[in-house]
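Each reported figure results from applying straightforward, stated rules to the coordinates on display, with no laboratory input. Since this is a predicted model, take the numbers as computed values, not measurements. Methodologically, a virtual Cβ is constructed for each residue, glycine included, from the backbone with ideal geometry; neighbour enumeration extends over all protein chains shown.
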Amino acid sequence: MTARPTEALLTARVARMYYLEDRSKSDIADEIGVSRFRVARLLDAAKRDGIVRIEIRSAGGLHADLSLQLQQAWGLSHAVVLDVPEDDQPQLRRRLGEVAAGLLLDTVSADDVLGMAWARSLSAVGEALTKFVACDVVQLTGALSRPDGSDVLGLVRRIARAGGGTPHVYYAPMIMPDAGAARALRRQPEVMRAAALVPRVTVAVVGIGAWAPGLSTIHDSVEPPARVSVQNAGVVAEISGVFVGADGAPLTPPLSKRIIGLTADQLAAIETVVAIAYGEAKVHAAAAALRSGLVNGLVTHTGLAQRLVDLAERGERPMTGAGTAS
C-alpha cells in the first residue's frame, strides 16, 4: 500500500523534531495538534519504514555492535572489537594493546592480583598503561625476547610501576632445552616464589597463537621435530604456552614439559582471563581457545571477530567449561 504524501511528510516532520531538534513527544504533540500517542506511533513508523535509521557507533575505533555479537555468541564476560584492518600488524598490535590496557583499567582493582603471560600481542599493553591501580602484578610465563628487547619481565615491571604496585618476576626463558632442565629451573627460589602467587591471581592477560609458522612465537622458537610432535598431538592453538586441540580440550605434548609457565588447570582456576588475538588466519585457534573455557574475555579486531561470530552462528560454539589436561 502506497503511503499518503501528507502522512509521509508528517512522519518525517515528527522524526526530525524528535531526533534532530531534541523535542519531547509532548511538545511535538502540542505543536502539530495531535495526541502524544499519535506522535509515538509516527516515530515507530519512521523507524519501520526506513525514514529514520539508527546506527550505534563507539568512539576510539571500537565496533560496539560486533563486540556485543561476539560476547553473546561465545558467552564471554568481556569482548572488545577494534574496527581496524589487519594489514599493518605492528600498528594493529599497538592499538589492541591500548584497548586491552583500557579494559584492565576498567576491570582491575587494588584488591585484584594481575597475572601477565607473554605473547607478541601483549607487549603493547605495558606501553599503553601510563597509570594503573596499586596491585600485585605476577609474571605467569618465562620470557621469549623480541628483537626490540621487550620481554615479560619488563612488561610486568612497567605495569606495576604505573600503579605503584609490586612486580613479581623471575629470570627464565619460556622454553627450556629439555624436560629435565625445566624441572630444575622450576625449583629455583625466584621461580617458586612467583609460582606460589599464581593461585591468588584473579585477572590474567594471555595471547593466542595458532600452531603454524608465523602465527605463534612458541612454534617459531622451537626445533622442527618439536613442531611436528606438537602438531601430531592434535594441537591447533596455544594460549601463552597452554596447548589445546580443535575441540578446546587441553593437551600435553612432550614440548609442554619444557615450557616455563602455567598449566591448563592453573589457567582454569583464574576468574578472569582476557586474551588478545589478531589475524584472520588464527580464527580456528581462537575458536579452540574459546571452546576450552580457559579464556572468558577477548580483545581483537573486526576481521577475526566476524569470523568467530560466523563460526558460532554455524553451530561451532564453545564447550561448557574447561576440559581436563590429558
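Do we find a residue being within 22 Å of Thr300 (Cα to Cα) and in contact with an Asp or Glu (Cβ under 7 Å, 6 or more places away or on another chain) anywhere in the range 164-175? Scanning the range 164-175, I find no residue that is within 22 Å of Thr300 (Cα to Cα) and in contact with an Asp or Glu (Cβ under 7 Å, 6 or more places away or on another chain), so the answer is no. With a requirement of 2 or more residues that are of a type outside the set (A, V, I, L, M) and touching a residue at least 24 places away in the same chain (Cβ under 8 Å), the helices (runs of 4 or more DSSP H) lying completely within the range 30-146 that satisfy it span 64-74, 89-107, 123-128.
Val203 versus (1) over 24 Å from the mean Cα position of the chain (by Cα); (2) of a type in the set (Val, Ile, Thr); (3) closer than 20 Å to Leu153 by Cα: which is the lone unmet condition? Failing condition for Val203: (1). Taking the criterion of being outside any strand (DSSP E or B) and at negative phi, the residues of the range 234-256 that qualify are Ala246, Asp247, Ala249, Thr252, Pro253, Pro254, Leu255, Ser256. Residues in the range 99-108 that are surrounded by fewer than 19 Cβ atoms within 10 Å (Cβ to Cβ) and under 23 Å from Leu215 (Cβ atoms): there are none. Among the residues of the range 63-91, just one is within 27 Å of Thr130 (Cα to Cα), out of contact with any helix residue (DSSP H, G or I) (no Cβ under 9 Å at 6 or more places or on another chain) and of a type in the set (A, V, I, L, M), namely Ala64.
Residues of the range 59-92 that are more than 11 Å from Gln306 (Cα to Cα), buried (at least 20 other Cβ atoms within 10 Å of the Cβ) and small (Gly, Ala, Ser): Ala79 alone.
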